[in-house]
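Notes follow once the structure below has been shown.
Nothing in this text is a laboratory measurement; each read-out follows from the coordinates by a stated rule. The shown structure was predicted, so the numbers you read here are calculated from the model rather than taken from an experiment. As a convention, Cβ positions derive from the backbone with ideal geometry for all residues, glycine included, and neighbour counts pool all protein chains shown.
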Amino acid sequence: MSTPAALALGALFDSVLQAALRQFFRRAVLEIEPGKSPRTDRPPEIEAIVDPSTLCISWAGTTYMLRMPGHVTFTSHQVRMARAIVAVVGARYRAVLNPELLTERGELFRGPIEDRYVGAFFDERPYAAPGSETGVDRSASIIEMLRVAALSTYENRPISTGVLLLGGAHDPCRPELTPSMARASHMTALSSIKSFYRLADGVRTVFLADVDGRLLDIIDIDRWSRQLCPDAILDVPGAQVYQAHARATLEQRAVCVVLSPSREIKVFAEGAEVFAFHGAAWHLLDLKAKYEVWADAVGNPLLALRLFQTALDLADAREGALFAVLRDQADAVPRLVAPADRLDLCDRSEMPGSGTISRREILHMLEGRTATDLDPSVLFTLASLDGAIVVDGDGNLLAAGAILRHPPVEEPEPGGIIEGARTTAAMTASKFGPVLKVSEDGEITFYDRERVWDI
């Protein structure tokens, strides 16, 4: 390849790599040290990790350095994501340089490259160097199929469906009923049938496919997952409605891909939801690492789990909410919660306007209760009220549906961002303890004096 062509190709893939790193590592700062020589046929590679808060990717003399702010370090999932990005970009780069390879492996260029990153996260083998690659990325193929379904309707209703992609050729729960491979069809081919998606709604039922993407069965995901792992306890929280989907991926390197009723694509693996596609972008959820940070800040494992679980359920239902855990109740409550909203004021004579009927008459039954002794469905309903759920470190309910006090919002600078009322309240409350904010678009944000993470 001539030098100008090599430079042009290098510039193209440089932009692809930078875009991927910025998309999946939004909190990290990307620093680039350009190389002095044009691109070679060597693909990018991740250098040995010395500092856990820094990731370095080298490519023909150029170094792409990702740095996390403060004392934040890269999680194992984030390192794995970086490796997946490097594998896919490297595979495409090699294919462009080698016309024969491009002909043989044209599937590398099917669909958005972001779907390939997600597939390589679970299995890098389809993107390995020539001679060592294995098979086709079936996860990316299923994702592409559901992307098309998300843009379609059936009988004027949005399509929701799902596929459990096994790591082997047989159904481990019913191996004797596995269809003949000569008769089994690939999922992507079957999706052209108009009524195909009606057979599995993605929530209760999903299609079961083998490692090569051939349809094996249609299963009740809850029954199937309990039969496969009857005693399994998930160690990563997830939305209640998708617990079975996570459980079904605990064995066989299975991956479950779901198009939800809200048209969000969810990807489950290794007993947890790992990726979500919404807002026109993929998001690496990293639920386990983020939950551990939240639980450490709350300092009460049972309370932390209950609030985190409820936040996930609310996000899935596209319900907004706010949870505030106060470290110093005596100092924080009077500054954040109006007397009429406080559940800890048992004497109604202490409340202004106590001679009138207010919603306090409805919520009085919550006095003396804790967030952990409420039924999860009751806590879910309370949290969906306008306002915040406020508790102390022991989980005692201090307020429900409370409009938190906060300083007047200053006029932003020209071009500045105007925060919403829920975000402003969350930032104010986080001065007194950890806060979870759930947006109606399904995003969860953790604040603790600053913005810590997003899901």
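Taking the Cα atoms only, what angle lies between the long axis of helix 76-97 and the longest principal axis of the chain, rounded to 10 degrees? With both axes taken from Cα atoms, the answer is about 30 degrees. Using alpha-carbon pairs under 8 Å, 6+ residues apart, how would you state the relative contact order of the chain in percent? Once divided by the residue count of the chain, the mean separation gives 10 percent. Taking the empirical scaling 2.2 N^0.38 Å for compact globular proteins as reference, the range 237-290 has a Cα radius of gyration ratio of 1.06. With one equal scatterer per alpha carbon and no solvent term, the Debye-computed log10 I(q)/I(0) for the range 196-313 at 0.22, 0.23 1/Å reads -1.34, -1.42. Near ALA315: Cβ cut-off under 14 Å, other residues only, Lys/Arg at +1 and Asp/Glu at -1. The net charge is -4.
Per residue, the chain reaches -9500 deg cm²/dmol at 222 nm when only DSSP H runs of four or more residues are counted, each adding -39500 (n - 2.57).
Assign one of three labels to the range 158-243, namely rounded, prolate or oblate, based on the Cα gyration tensor with a ≥ b ≥ c the square roots of its eigenvalues; rounded applies when a/c is under 1.5, prolate when it is not and a/b is larger than b/c, and oblate otherwise.
Because a/c hits 1.5 or more and a/b fails to exceed b/c, the range 158-243 counts as oblate.
Scalar couplings 3J(HN,Hα) for the range 424-440, obtained by applying the Karplus form with A = 6.51, B = -1.76, C = 1.60 to θ = phi - 60°, are 4, 5, 5, 5, 5, 5, 5, 6, 10, x, x, 9, 10, 10, 10, 8, 6 Hz; x denotes Gly and Pro.
As a test of the definition: which semi-axes, in Å, follow for the chain when you take the square root of five times each eigenvalue of its alpha carbon gyration tensor? Largest first, please. Semi-axes (√(5λ), whole Å): 44, 30, 18. Run through the DSSP bridge list for the chain and note the antiparallel percent, rounded to the nearest 5. Rounded to the nearest five, the antiparallel share is 90 percent.
Once the GluC sites (Glu not before Pro) in DSSP loops with at most 11 neighbouring Cβ atoms within 10 Å are cut out of the chain, the longest remaining piece is 156-409.
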